[in-house]
Structures are given as structure tokens and as C-alpha cells.
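For reference, the structure discussed in these notes is given below.
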Amino acid sequence: MKLWNHYHTPHSIDQAIALLNQYQGKAKVVAGGTDLIVELREGHHPIQEALIDVTQIPELTRLTTNNNEIYVGAGVTHSQIVKSAVLVARATCLVESCGVVGGPQVRNVGTLGGNVAHALPAGDGTTSLVALDAKAEIIMSGQRRVVPIAEMFRGPGQSLIDSTRDVIIGFRFVLCSDNEATAFKRIMRPQGVALPILGCAIWVRLNPAQTHFEAARVSIAPIGPTPGRAAEVEAILIGQPATDTIIEQAIETALQILKPRTSKYRATGDYRKEMIAVLLRRTLQLAVQRARTGQAVPEGIGME
Ligand SMILES: Cc1cc2nc3c(=O)[nH]c(=O)nc-3n(C[C@H](O)[C@H](O)[C@H](O)COP(=O)(O)OP(=O)(O)OC[C@H]3O[C@@H](n4cnc5c(N)ncnc54)[C@H](O)[C@@H]3O)c2cc1C
């Protein structure tokens, strides 16, 4: 069955926006197609008058560093992220999360922008972008805007942008420096497809003596209808000794505050809650160890 009538491959953002305007809501942006084509086949969207493929636009496929900041185009694939030496060393959580998305075929074409635009509460790339406090660059209603990643989401499957009109261009965030590190871990059903039972991404900064948490960002998903940070858990860590005792206190707080829901495809809320303790402990300990040693070897990539 025909799922779209026309397929366009613009080479600039202006061309992409002009095409979207031309089709007046009857065309949709496509990148790797690993979410969209499945959904079109399953009839979740009407047959599209056109698909606008954004993977040939240079600004969306760039991955560039400028001092301590990195720009990752929305059309950069999960495989490209895994192969980026600078991300491996200085944004390890993103490499770890993109490295477990689907299998190699999915990672070779699926993009970070598609992961965010799809707006599921537990998209793996998204979970790490939240811990990295990334900013999304978007064209929305014809205007270029910069939006903190946590403000990109409206509900399950609903983001700030409407991909019949708007385009995510890319993401910017600050790379880890001395005494800073990140880690990501997730729990997935053995034959699970698409989304984890639970994912956890952490960013920490230790003080120069490496004894205390100077700052921390904790992203656990799925907890609510949208991705976001666990501010109460972060507050337990900040300014405190970077020890197992404080990590256990952070876990206690997480268990009191976070209320994961039951999903009929993935796990019960109770199981997810138990796994919060397991994941938070392992991910925090790993991030602290990396911040202390300055060494980060991504774990778990392509293991599932
Ligand atoms: C077998 C399988 C396994 C998977 N496993 C995982 C997994 O483990 N973890 C996980 O998180 N996801 C998983 N996914 C989901 C999917 O692969 C990822 O979400 C991927 O990152 C989507 O990117 P894409 O480029 O393929 O998006 P597409 O399918 O091209 O697009 C997805 C949505 O985003 C919109 N869109 C895409 N790019 C842009 C843009 N630049 N601007 C505006 N709108 C845009 C599209 O219009 C569409 O609505 C899996 C999918 C499959 C089929």
C-alpha cells in the first residue's frame, strides 16, 4: 500500500520549511524513518501527501565542537554518535544510550532528532540529553528558537514541535571537563522492542578535591508523561560527600518521590520502582568513578 505520494530530499533548512509550507500540514518530516514508517504502516497517521527527508541538510548532519560545547545535528545517527571520540570521552552517557537503541540496522539510520521529536517518555537518546542539559535548536512557526531540552515535551508522543510544520535542527550542550562525568544504564526486556523498562542517565561534577558532589543532574525515564529531571534526588547529592552513604540516601528519596507507572508491554510500576534503586546506584557509582579517574569507557553498547 502506498503510504505517501511524494518524497522530497531538500538540501537546506529553508527548502525544507518551504516544502512543509507548500503542503500545508499534509507532509511530514522524516529522518531515519524507524519510528515514522512503522507508524505509517500501522495506520497511526493518514497517508501523507509528502515526506520531507531532512537527512541531506548539512546543518542537521554536522557534529562539531567549539571549545567546551558540542553541536550534534538532529539528523546525526545513533551509530555516528557511538563512533564520536569526543562524545565517548566527554558525553559518555549519550554514547551509552544511543549505543543500545534497537539493533545495528536501526542505529545506522535512526537519528537523535527523531528520538526527541517522537517524544516518548523513555526514548534512550532523550534520557541522556536531559542529563546533559542540552538545548534544542528548532525552527518553529517559521522562527529559529533555542529551547531547553526538558521544555520540548508536552505529553507521550507530543513535543513542542509539529513535524508537519517545524524542524529540529540540532542540539547543543557543554562537554564534561575535569571532575565531571556522565553515565547511562537501562533495563530492557530480553526481546524488548523500542523502549526500555527503565533508563537512567547521570551527570555529576565533583569538587576539585573529588570528595563531594558539587553539582548533579539525574534523568530517570519513564517516570511521568514527559522526560525530565529528578530535582529532589539531585538536591540530596549536591554539596554532600560523594560516598555510597549519600548515594543510598538519594535512592531512598527517589523511591519516596518517583512513581513509575505500570505498562502492559514492559513492567509493573512496582518492578520499575525496585529497578530505580538498582539503576540509580549503578549509574551514580559509575559516574563518580569516571569523574575521579577522568577515564570513561562506554558500557553495554550493542549488547542487547
Ligand atoms: C526495531 C526498533 C527498535 C527500536 N529500539 C529503540 C530503543 O531501544 N530505544 C529508543 O529510544 N528507540 C528505539 N526505537 C525507536 C527509534 O528507532 C528511535 O526513536 C529513533 O531515534 C527515531 O529516529 P528516526 O530518525 O528513525 O525518526 P523518524 O522515524 O524518521 O521520525 C520519528 C518522528 O520524528 C519526526 N522527526 C524526525 N526528525 C525530525 C526533525 N529533525 N525535525 C522534526 N521532526 C522530526 C518525524 O516526523 C516523526 O514524527 C526503535 C525502533 C525500532 C523500529
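Values computed for the structure shown
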{"read-out": "Members of segment 123-147 found to be on the phi > 0 side of the Ramachandran plot and in contact with a helix residue (DSSP H, G or I) (Cβ under 9 Å, 6 or more places away or on another chain), listed by number", "value": "Asp133, Gly142"}
{"read-out": "Near pairs, Cβ below 7 angstrom, 6+ apart or cross-chain, from segment 6-31 (under 18 Å from Gly142 (Cβ atoms)) to any residue that is within 10 Å of the ligand (Cβ to nearest atom) and part of a helix (DSSP H, G or I)", "value": "Pro10/Ala16; Ala27/Leu20; Lys28/Leu36"}
{"read-out": "Residue match in segment 68-87 (condition: within 9 Å of the ligand (Cβ to nearest atom), in a helix (DSSP H, G or I) and within 30 Å of Glu180 (Cβ to Cβ))", "value": "yes"}
{"read-out": "Filtered residue count, segment 18-67, keeping only those that are more than 30 Å from Lys83 (Cβ to Cβ) and either at pLDDT 95 or above or away from the ligand (no atom under 12 Å from the Cβ) (or both)", "value": "15"}
{"read-out": "Hits in segment 212-239 - residues which are touching a residue at least 40 places away in the same chain (Cβ under 8 Å), assigned to a loop (DSSP other than H, G, I, E, B) and in contact with a helix residue (DSSP H, G or I) (Cβ under 9 Å, 6 or more places away or on another chain)", "value": "Pro222, Ile223, Thr226, Pro227, Gly228"}
{"read-out": "Selection count where residues are within 16 Å of the ligand (Cβ to nearest atom) and part of a strand (DSSP E or B), scope segment 161-178", "value": "6"}
{"read-out": "Matching option when the condition is among the small types (Gly, Ala, Ser) and part of a strand (DSSP E or B), among Ala194, Ala209, Ala181", "value": "Ala181"}
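This table checks each residue for (1) part of a helix (DSSP H, G or I); (2) of a type outside the set (Val, Ile, Thr); (3) modelled with pLDDT under 95.
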site	(1), (2), (3)
Leu94	yes, yes, no
Ser97	yes, yes, no
Gly102	no, yes, yes
Asn108	yes, yes, no
Gly113	yes, yes, no
Val116	yes, no, no
Leu120	no, yes, yes
Gly125	yes, yes, no
Val130	yes, no, no
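The values are calculated or read from the model by the stated rules, or taken from the named source; none is laboratory data. Everything quoted here is computed from the prediction, not taken from an experiment. We place every Cβ from the backbone using ideal geometry, glycine too, and count neighbours over all the protein chains shown.
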